[in-house]
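First comes the structure, then the notes that go with it.
The values are calculated or read from the model by the stated rules, or taken from the named source; none is laboratory data. Predicted model, so just to flag it, every value in this text is computed and none were measured. Cβ placement follows ideal geometry from the backbone for every residue including glycine, while neighbour counts extend to all protein chains displayed. Note: areas computed on protein heavy atoms with side chains; ligands, DNA, RNA excluded. Shrake-Rupley method; radii C 1.70, N 1.55, O 1.52, S 1.80 Å.
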Amino acid sequence: MAARLPVLIGVGQFTYRGDPGSSPSPTALLKIAAERAALDAGMGLAGLKAIEDLAVVGFTIDAPGSRRVFPHSKNPPASLARQIGAHPRWSVYSEMGGNTPQYLINTLAERIARGEADLALTVGCEFLGSAMKRMARGLPFDDWQEDEEQDPPQRIGDPRPGVTPYEARHGLNRPINIYPLFENALRARDGRSIPDHQRRMGELFSRFTQVAAQNPEAWFPVERSDEELVTVTQKNRMIGFPYPKLLNAIMEVDQSAAVLLASEEKARELGVPEEKWVYLHGCGDAADLWHPLERQDFHSSPAMRRTGQKALEMAGISLDRIDLFDLYSCFPVAVEIGAEELGLSLDDPRGLTVTGGLPYAGGPGNNYVMHSVAVMAEKLRQRPRVFGLVTGNGWYLTKQSTGIYSTERPTKPFEREDPAVLQREIDALPHPEIIEQPSGRGVVETYTVVHKREGPFLGIVVGRDEAGRRFAANTPADPDMLGAFEASEQVGRSGTVTQGPDGLNLFVPD
């Protein structure tokens, strides 16, 4: 057991705030984070050459169907390996999802426990901040070019798109359109008024900004009041009701983070001080019913609940033993549902973030949770034997990963249950029948109003027909109607659904 216990030995983060015309390339961002993790472990940069497993988090711009707008490596793991002089035996590049860093750590820890590797690196970055500025200013990308021809990388993770073509046609294909559906459903379930719920979201994320203000790597290290977060202004315009801009994750950042893992035996061989060691005590991975319209409802997440339970069971502890949390926080509802499924209150005195969250610490594409784990490891080193819990969420409250960490040494071997066991349980859950061409009477189950800079332009409704079948539809683009949708509760409102001339479902409220 001693030789095969996996342990986190080094973490590294980097935030670039300089001239976008001189910003590091994606591969350079990965290298900086990897080198910082090696230095943090005290093993020196040369130690990176001994890496046997290398897992790189997929870049947002490599999502299925995306065009190669910016030049970057066709095989990020191979490019990074060359830069650091490593020759990994196992090298992978992930599919999309904010759960990915925790999922990769869980996977690497399992490989170390099984004796398939002794030293592993997982790393990711996002570079949309400088990339978008370069494009807007007409700046070149010559310094980002990768000259060599490369074979495609081996991929890891679930490659399925997050929505069906039916959902996408009706606007359910972007986080800023879908997460508001969950938020409005949660508000309606709890019977809160719209003003009261806006205030609740502001109070929740105001506490997140307090943490971000103390985080040296935060993209926006600024403390903001609850009123400032939810008051719609020219600078804080509505994005997708009920979320003004300041309640949305910020993806246009330049950030990278890395985690080094090793067996205990390898950590000693490398001379990593034991006060640096942080153990993964428990973990869980699962996805909710895959497509949004398949969900049992829009205010819960069985996968969040069950991965949290699995991680606690594996760690052999209860929730009251956890002193530090970082709940995935792309939008308020991710935290609200995540806390509820774990059994936490939103004002838990232990706090719900160690970084400040995706809208304030930064939402670097699929790699935010690598920053969560890096900060968590640093805090746990300062508080020996305390436990911390990290959650990751991918797509649309779809893919969930949980990890429990502590410097306290586990008393049993690391044995990760096959995620397929839990997945079969969730896939068997009952869910509503879906109808793609509804006609007749219907009732709003949840909804949102999507905005451009000029104002509201699209209403999205998820409803049930008279047979209880779930449908997606849009509303007429009538400014008065869209305004009314934001002024008063629409969940439970009746109307008529038909097919419009463009073939899309059209819901007209009574």
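Ignoring aspartates and glutamates fewer than eight residues from residue 379 along the same chain, the ones with Cα atoms less than 13 angstrom from its Cα are 275, 323, 326. Region 346-362 and region 149-166 have Cα centres spaced 30 Å apart.
Please compute one quarter of the surface area of the Cα convex hull for region 389-451 and express it in square nanometres. Provide the component values of the computation, followed by the final result.
Working: hull surface 34.3 nm².
Dividing the Cα hull surface by four gives the mean projection, 8.6 nm².
The residues of the chain have, on average, 38 Å² of accessible surface per residue, using a 1.4 Å probe with all protein chains present.
Relative contact order for region 448-510: what is it in percent, counting Cα pairs under 8 Å that are at least 6 residues apart?
Details: 93 pairs, mean separation 17.2, N = 63.
In percent, rounded to a whole number, it is 27.
Taking all protein chains as they are arranged and a probe of 1.4 Å, the heavy atoms of residue 49 leave approximately 130 Å² accessible to solvent.
Note on the chain: dipole from Cβ charges, positive end direction compared against 157, 503, 188; the farthest Cα belongs to 157. Put simply, the chain fits an ellipsoid with semi-axes of 39, 25, 22 Å; these come from the alpha carbon gyration tensor as the roots of five times its eigenvalues, largest first.
Peptides 319-330, 233-244 ranked from most to least packed give 319-330, 233-244, packing being the mean of other C-beta atoms within 10 angstrom over each peptide's residues. The residue 382 and residue 452 beta-carbon pair, evaluated with R₀ = 60 Å, returns a calculated FRET efficiency of approximately 0.85. For region 340-468, the direction-averaged projected area of the alpha-carbon convex hull comes to 12.8 nm².
Dipole magnitude for the chain: computed about the Cα centre from +1 point charges on Lys and Arg Cβ and -1 point charges on Asp and Glu Cβ, it is near 400 debye. Averaging over all projection directions, the Cα-based convex hull of region 131-235 occupies 12.3 nm² in the image plane. Its alpha carbons give region 470-510 an Rg and a Dmax of 10.5, 29 Å. For the residue pairs 245/452; 310/399; 31/399, the C-alpha atoms sit more than 18 angstrom apart in 31/399. For the peptides 417-427, 449-459, 75-85, the ranking by packing is 75-85, 449-459, 417-427, with the highest mean count of neighbouring Cβ atoms within 10 Å listed first.
Which of rounded, prolate, oblate describes region 76-191, given a ≥ b ≥ c as roots of the alpha-carbon gyration tensor eigenvalues and a/c under 1.5 marking rounded, otherwise prolate only if a/b is larger than b/c? Could the numbers behind the result be given before it?
Numbers: a/c = 2.46, a/b = 1.34, b/c = 1.84.
Oblate, since a/c reaches 1.5 and b/c is not below a/b.
Solvent-accessible area of region 118-171 (1.4 angstrom probe, protein heavy atoms only): carbon and sulfur portion equals 52 percent. With a Förster radius of 45 Å applied to the beta-carbon distance between residue 347 and residue 469, the computed FRET efficiency rounds to 0.70.
For region 392-510, the square roots of the Cα gyration tensor eigenvalues, ordered a ≥ b ≥ c, give a/c of at least 1.5 with a/b greater than b/c, which places it in the prolate category. How many percent of Cα pairs in region 174-333 exceed 26 Å? It works out to 46 percent of all Cα pairs. Model label sites at residue 409 and residue 39, defined 7 Å from Cα along the beta-carbon direction, differ in position by 3.0 nm. Divide the volume of the convex hull around the Cα atoms of region 10-67 by the residue count and you get 111 Å³ per residue.
Think of it as helices only: each DSSP H run of n ≥ 4 in the chain is worth -39500 (n - 2.57), and spread over all residues that comes to -9500 deg cm²/dmol at 222 nm. Ordering 44, 73, 86 by the projection of their Cα atoms onto the charge dipole of region 27-169, which places +1 on the Cβ of Lys and Arg and -1 on the Cβ of Asp and Glu, puts 73 at the extreme positive end. Using Cβ point charges alone (K and R +1, D and E -1), the dipole size of region 440-510 about the Cα centre works out to roughly 220 debye. Looking at the square roots a ≥ b ≥ c of the eigenvalues of the Cα gyration tensor of region 295-409, which shape do they give, rounded for a/c under 1.5, prolate if a/b is larger than b/c, or oblate? In terms of gyration-tensor shape, oblate. Remark on residue 10: its backbone amide H falls under 5 Å from those of 260, a criterion applied only to residues 5 or more positions apart or on other chains, H modelled at 1.01 Å from N.
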